[in-house]
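Have a look at the structure below before the remarks.
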Amino acid sequence: MLTLGARTAFAADLHSALSQRPRSISPKYFYDEIGSGLFEQICELPEYYPTRTELALLNRHGAEMAECMGPGAQLIEYGAGALRKVRPLLDHLVRPQAFVPVDISGPHLLAACAALARDYPHLHIAPLVADFTQAHELPTRTAPGRRVGFFPGSSIGNFAPAEVQSFLGMAAQELRGGGLLIGIDLIKDPAVLHAAYNDAAGVTAAFNLNLLARARRELGLQFDPEGFIHSAFYNAPLQRIEMHLLSRRAQVLHLGGEAYEFAAGETLHTENSCKYSVAGFQTVAARAGFAAGPVWTDENGWFALLWLQAP
Ligand code: AVI
């Protein structure tokens, strides 16, 4: 259930998305209860390789990653979710001072922390319910150089270039003297990418289309659900998958007394999922002061976890 402020922000963002050309909206609006459930299903799809590839890397190399983090570290996970991926690190971390998962969804974060606490009874877990991309105060103090960050899932790929720099700048400050372990999805055969974002079962399509369905449920958006289809393709020059909602015909959407015309073939751009090379991402991170450290990739070279030493 959205608070009044969150609903007002969603309405304002959707009005502005529908008024501009080309039309685009933040992918953060995918993640209501239904959208989050669909994303969990995506992570299990045979075509969607990132989740299982990253998990396999964590399971295989967790000890080396924990060694980079060092003993007595305070571990901060950005956008923590279900807390599945941190476990292989916790299994190897030496005397972690605390684990601070940061996530915007309070109920989910607290439930995930309760489950983690059952399996790691000696770990000090200090959750922070916050949008980690905005200014936030960590609930724990620590000596300089003892904070390390973990940002898995290649969620950085959904950030615009300015958001990437702002996140890395914030992390460089917060983790000063420590480091950041980050998951990135690598540039690869476009056919593999196409399949991952156009799965045969249609779950990604449902995830994308849920954005309009959510706007209907929460904001009273009037539109014909049959009037839009899922469109996802690799934009090679920009090295990103783009997801759009494509209007099948000329139609008019109504939102809060405003009418918005769509021509046939016109789209609402809903997500970019940027793919990086290891060197390309290390260059971006260097602008925020991070020095390149060890890199772990799978045998296909599809996904990478990078250790970045904070300034
Ligand atoms: C959350 N994020 C890393 C996913 C991605 O692959 O960009 C979101 C997603 N969109 C479609 N499928 C998965």
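The values are calculated or read from the model by the stated rules, or taken from the named source; none is laboratory data. Bear in mind the structure is a predicted one, so any value in this text is a computation, not a measurement. Every residue, glycine as well, gets a Cβ built from its backbone with ideal geometry; the counts of neighbours run over all protein chains shown. Surface areas here come from the heavy atoms of the whole protein model, side chains and all, with no ligands, DNA or RNA. Shrake-Rupley method; radii C 1.70, N 1.55, O 1.52, S 1.80 Å.
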Inside segment 189-283, counting only strands (runs of 3 or more DSSP E) that do not spill past its ends, which hold 1 or more residues that are open to solvent by less than 50 Å² (accessible area, probe 1.4 Å) and hydroxyl-bearing (Ser, Thr, Tyr)?
228-235, 240-247, 258-262, 267-274
Considering every residue within segment 172-188, establish whether at least one is without any contact (Cβ under 8 Å) to a residue 60 or more places away in the chain and in a loop (DSSP other than H, G, I, E, B).
no
From the set of residues in segment 43-66 that are open to solvent by less than 10 Å² (accessible area, probe 1.4 Å) and in a helix (DSSP H, G or I), which is nearest to Ala200 (Cα to Cα)?
Pro50
When (1) of a type outside the set (Asp, Glu); (2) open to solvent by 60 Å² or more (accessible area, probe 1.4 Å); (3) touching a residue at least 60 places away in the same chain (Cβ under 8 Å) are applied to Gln134, the one that fails is (3)
Here is a check on your reading of the model: is Leu109 away from the ligand (no atom under 13 Å from the Cβ), at pLDDT below 95 and either assigned to a helix (DSSP H, G or I) or open to solvent by less than 60 Å² (accessible area, probe 1.4 Å) (or both)?
yes
Looking at (1) open to solvent by less than 50 Å² (accessible area, probe 1.4 Å); (2) within 14 Å of the ligand (Cβ to nearest atom); (3) not aromatic (Phe, Trp, Tyr), can you tell me which one Met170 breaks?
(2)
Do we have Ser19 as under 26 Å from Leu246 (Cβ atoms) and open to solvent by 20 Å² or more (accessible area, probe 1.4 Å) here?
yes
Going residue by residue through segment 46-56, is there one that turns out to be over 16 Å from Gly153 (Cα atoms) and at pLDDT 95 or above?
yes
